[in-house]
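Read-outs throughout are calculated quantities, based only on the coordinates presented, and are distinct from any laboratory measurement. Note that this is a predicted model, so its numbers are computed, not measured. Here the Cβ positions follow ideal geometry from the backbone for every residue, glycine too, while neighbour counts run over all protein chains shown.
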Ligand code: CTP
Ligand code: CA
Ligand code: CA
């Protein structure tokens, strides 16, 4: 196979001085006709183009749009005494989410303050009240969820052929690989056919790409961030010489991304910021390079310059205990500092799973952009109580408020997908973060979703967990009440097939009773520890946390902590993908060790060799400290 790329990797050689050149050795892979004409694009595809698109100051913009306020007016969204969103004009006054609302007002007297909508008992719908009270009201994010769905739908309509994964209420990953491939072949028809004189047939590398005009496509993250302006021209010149087909792919994705961002702004009033790169991790990281209302493009060759100086604790999942442990263990600050730590060393100290951290630091992320299925979802409504429940009979009050939210959301979901119904209802009660008790019950089908129906089921669960006898002491100090629907599925043909629907749900409720009852706890997602935020998440079963090896039959799990509450799906996917690669390589290493000399060469040309050539530790890693996951649990 030819390895001619038409380009030298500028990081090879240049990096030699600090001995790091091999840290980023996959930036200019050979791109062949075979890659270009592949029908399936895996995570190793060298022409992958992924975006993360995030709404600017989302909740604040939702209120600005709803109230038709001039976007230049400083505006914040208030929840009780704190702020949950600050628009960009308000940020100019030094106002941040950390401020109390009255301090923010001091910084900017003309600040427009909007209190988030709230439910109160007895109301079917949330409203915007003059003086909502945390003792009687519960925050509603329904409006933001609806606006979020509108934006998502515009992505879907405006970006045919892409894969879109909603990552949170205001952001989504978009995989442009397929439509970009089509555009490439349309614009450069000479790529459609392998030239007759191509030395390696389908495996020949593509001819050098044309120069790219990046005008109007966004902000290019520079190849050499440290250079001053005088070097800008040199850089431009160099850029052209170093252009790869992967850059062309990113530029086409940027065109599409820019168009849909402009459409969304024109139609709905939201500005969005996006990052474009070869994988999800880098796309997410690039999205905040320039905000608001811009998109940033991270070409492969710019990855080392972007990652190395970055304080690694800024990377989301290295921001917590793991980042701290790494910083203390090695007395380091930046991603670059961590690159000298070998995989073996990292795995010895932090467990086998740390391979995904090792890879992330090198800009490698193999996770797919996967649309979450519209069904098999759960819905959770919850309330953190500033004053713990004082009497057993207070339960009904909170259950009714939560039931109103669930009723509204289920009815809304049914507008889109008729026949949606949850298999179970779960009541979860928490005392701080330590104690959690929950109870679930099957939720019988009914044609209409009413607050009464849900509240009655919730009350029944409360009765079983706590009772309603005010003369007896409460069995726990309740600081959090959550009510959720799980196993929401659609009876596709609406009402015709009710019987079959019942059968299905019975079967799986039984299955849940048998084995996974405890796991249902994780469905009550807590996004932001101190605030009451409810999210519609796919139920735990939607995201795989293990895989079965076809070769040795072992089931490999990501650790429980990683699989649990508060860890985003894409992080779970990353961990699982890394484990899978590690495991495949383990088999490869075994195979190689068994092969005779010339067999080793044959094995090198396996059709689908693992991307990384790291070595498995020769001996088993020393006693595994509980694994990296212990550093990733919520504090
Ligand atoms: N949010 C929240 N509490 C947090 C983080 C986020 O309530 N700890 C809400 C915010 O109100 C926000 C939305 O989730 O509007 C999206 O969060 P994020 O994208 O982090 O912030 P934005 O406000 O959208 O600001 P940015 O422009 O920086 O993305
Ligand atoms: Ca945002
Ligand atoms: Ca966000």
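Brief remarks on what is shown
- Cα centroid separation - the range 446-482 against the range 303-323, whole Å: 44 Å
- Taking the average, over residues, of other Cβ atoms within 10 Å as the packing measure, peptides 407-419, 53-65 rank 53-65, 407-419 from highest down.
- Global form of the range 64-166, assessed from the alpha-carbon gyration tensor, a/c cut-off 1.5: oblate
- In this rough spin-label picture, where each label sits 7 Å from Cα along the Cβ direction, the residue 150-residue 255 distance is 3.0 nm.
- The mean sequence separation of alpha-carbon pairs under 8 Å and at least six residues apart, normalised by the residue count of the range 313-372, gives a relative contact order of 19 percent.
- Highest to lowest packing among 111-117, 469-475, 126-132, scored as the average C-beta count within 10 Å: 111-117, 126-132, 469-475
- Size descriptor, Kirkwood hydrodynamic radius, that averages inverse alpha-carbon separations across the range 379-490, Å: 14.2 Å
- Whole-number D in µm²/s for the range 1-307 (Stokes-Einstein; Kirkwood sum over Cα pairs; 4 °C, 1.567 mPa s): 59 µm²/s
- Centre separation in Å (Cα based) which lies between the range 342-362 and the range 114-128: 47 Å
- Relative contact order, whole percent, for the range 1-307 stands at 24, derived from Cα pairs under 8 Å and 6 or more residues apart.
- The stretch between residue 178 and residue 25 holds 52.5 nm of extra length on full extension. This uses 0.36 nm per residue minus the Cα-Cα distance.
- C-alpha center-to-center spacing [the range 21-38, the range 241-280] in angstrom: 22 Å
- Taking packing as the residue-averaged number of other Cβ atoms within 10 angstrom, the listed peptides 259-270, 452-463 run from highest to lowest as 452-463, 259-270.
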